[in-house]
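J.: One structure, as C-alpha cells, below. Some questions next.
The values are calculated or read from the model by the stated rules, or taken from the named source; none is laboratory data. Note that the structure is a prediction, hence the values are computed from the model and not measured. Note that each Cβ is placed from the backbone with ideal geometry, even for glycine, and that neighbours are counted across all protein chains shown.
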Amino acid sequence: MDGNGRWAQRRWLPRAAGHREGIAVLTPLLEAAGRAGVQALTLYAFSTENWKRPPNEVKTLMRLFIETARKKVPELNERGARLRFVGRNEGLPERVLEALREAEELTAHNDRLDVYIALNYGGRAEIVDAARRMMEDGLPPEAVDEEAFARYLYAPEAPEVDLVIRTSGELRVSNFLLWQIAYAEFYVTETLWPDFSAEEFTRALEAFASRSRRRGGA
C-alpha cells in the first residue's frame, strides 16, 4: 500500500496525514473485494524494513494500528471478515500485540472474506522462520519438500497468491510473500494508495481475469 507519504507531501501535509488517509481506503476496498467474490486479501501494512523510518513516524504508525483495530475491526466483524496477522511479534509494542490478538479472536469464526494483515513482515524473514521451525521439529532432509515447507509458513491455510497490486508505480517485489507469489500476476498503477478506489480495484481484477496463466505449461 505505497504512496501515503508522497500523497501527504504533495499537499504540504505531514506524512501521518497520508497514513490516516490510507486507512480510509480500506472499507470501500474490502466491500469491493466481497462483491467480487475474492476469498482472501493480504494487506502489507508494515515491513521488517520499515523500522528504519524516523522514530516519530514509526510511533505514529503503531498508534494508527491500535486506533484502526479499535475502530475498524468491529465493522469488519459485522461484514463477516476474518482477520489474521502475519509477521514477527518481536519488536512490536505490547499494546499492538494485544489489539491484534483481540481482533483475531473476535473475527475467528467469520468466513466471508479472509483478510491477512502483514505487520512487521518480511518474505525472507518468513522463509527463515519456517526453516528454523522445521529444524526445531527435527524434520529429516528427506521429509522436506514444497508441501512440507508450506506448512511452516505464518499462515499455512492461506491460498497461493493470484494477484499482486502495486500502487504508486513501484516495480519491485519489496520482500512481500516471496514464497506465495511464485506464480502471481502483477498489476501496477501510478495511483498513490490514499487515492486507490474500489473502481480501480475492480479494474485490476478485470485485468487479471483477461490474462492466460500457464504456470510453466504450454
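J.: Consider T27 carefully, then state whether it is of a type in the set (V, I, T), under 26 Å from E160 (Cα atoms) and either surrounded by fewer than 19 Cβ atoms within 10 Å (Cβ to Cβ) or in contact with a Cys (Cβ under 8 Å, 6 or more places away or on another chain) (or both).
T.: yes
J.: For residues that are touching a residue at least 12 places away in the same chain (Cβ under 8 Å) and more than 15 Å from N89 (Cα to Cα), scanning just the stretch 45-66, find the one that is surrounded by the most Cβ atoms within 10 Å (Cβ to Cβ).
T.: Checked the stretch 45-66; the qualifying residue surrounded by the most Cβ atoms within 10 Å (Cβ to Cβ) is L61.
J.: Just checking, how many residues over the stretch 175-215 are touching a Phe, Trp or Tyr at 6+ places or on another chain (Cβ under 8 Å), of a type in the set (G, A, S) and modelled with pLDDT under 95?
T.: Adding up the residues that qualify gives 0.
J.: How about the stretch 102-139: which of its residues are among the hydrophobic types (A, V, I, L, M, F, W, C) and in a loop (DSSP other than H, G, I, E, B)?
T.: Listed by number, the residues that qualify are A108, L139.
J.: Could you list, in sequence order, the residues of the stretch 156-190 that are touching a Gly at 6+ places or on another chain (Cβ under 8 Å) and surrounded by 18 or more Cβ atoms within 10 Å (Cβ to Cβ)?
T.: Residues satisfying the conditions are T167, S168, F176, L177, T189.
J.: Could you go through the stretch 21-32 and let me know if any residue there is within 23 Å of S174 (Cβ to Cβ) and part of a strand (DSSP E or B).
T.: No, because not a single residue in the stretch 21-32 is within 23 Å of S174 (Cβ to Cβ) and part of a strand (DSSP E or B).
J.: Test each condition in (1) out of contact with any Asp or Glu (no Cβ under 9 Å at 6 or more places or on another chain); (2) over 27 Å from E105 (Cα atoms); (3) part of a helix (DSSP H, G or I) for P194 and report the one that comes out false.
T.: (1)
J.: Taking only the stretch 98-120 into account, find how many residues are surrounded by 22 or more Cβ atoms within 10 Å (Cβ to Cβ), without any contact (Cβ under 8 Å) to a residue 60 or more places away in the chain and under 16 Å from P156 (Cα atoms).
T.: Number satisfying all stated conditions: 0.
J.: Just to be sure I understand, how many residues within the stretch 161-183 are free of Cβ contacts under 8 Å to residues at least 24 places away in the same chain and either closer than 23 Å to F46 by Cβ or part of a strand (DSSP E or B) (or both)?
T.: Count: 5.
J.: Of a type in the set (S, T, N, Q), in contact with a Lys or Arg (Cβ under 9 Å, 6 or more places away or on another chain), under 26 Å from M1 (Cα atoms) and not in a helix (DSSP H, G or I) - does that describe any residue in the stretch 198-206? Before the answer, list the steps.
T.: Residues of the stretch 198-206 of a type in the set (S, T, N, Q): 202.
In the following step, the residues that additionally are in contact with a Lys or Arg (Cβ under 9 Å, 6 or more places away or on another chain) were identified as 202.
Checking which are under 26 Å from M1 (Cα atoms) leaves us with 202.
Next, only the ones that are not in a helix (DSSP H, G or I) stay: none.
No, there is no match, as no residue in the stretch 198-206 is of a type in the set (S, T, N, Q), in contact with a Lys or Arg (Cβ under 9 Å, 6 or more places away or on another chain), under 26 Å from M1 (Cα atoms) and not in a helix (DSSP H, G or I).
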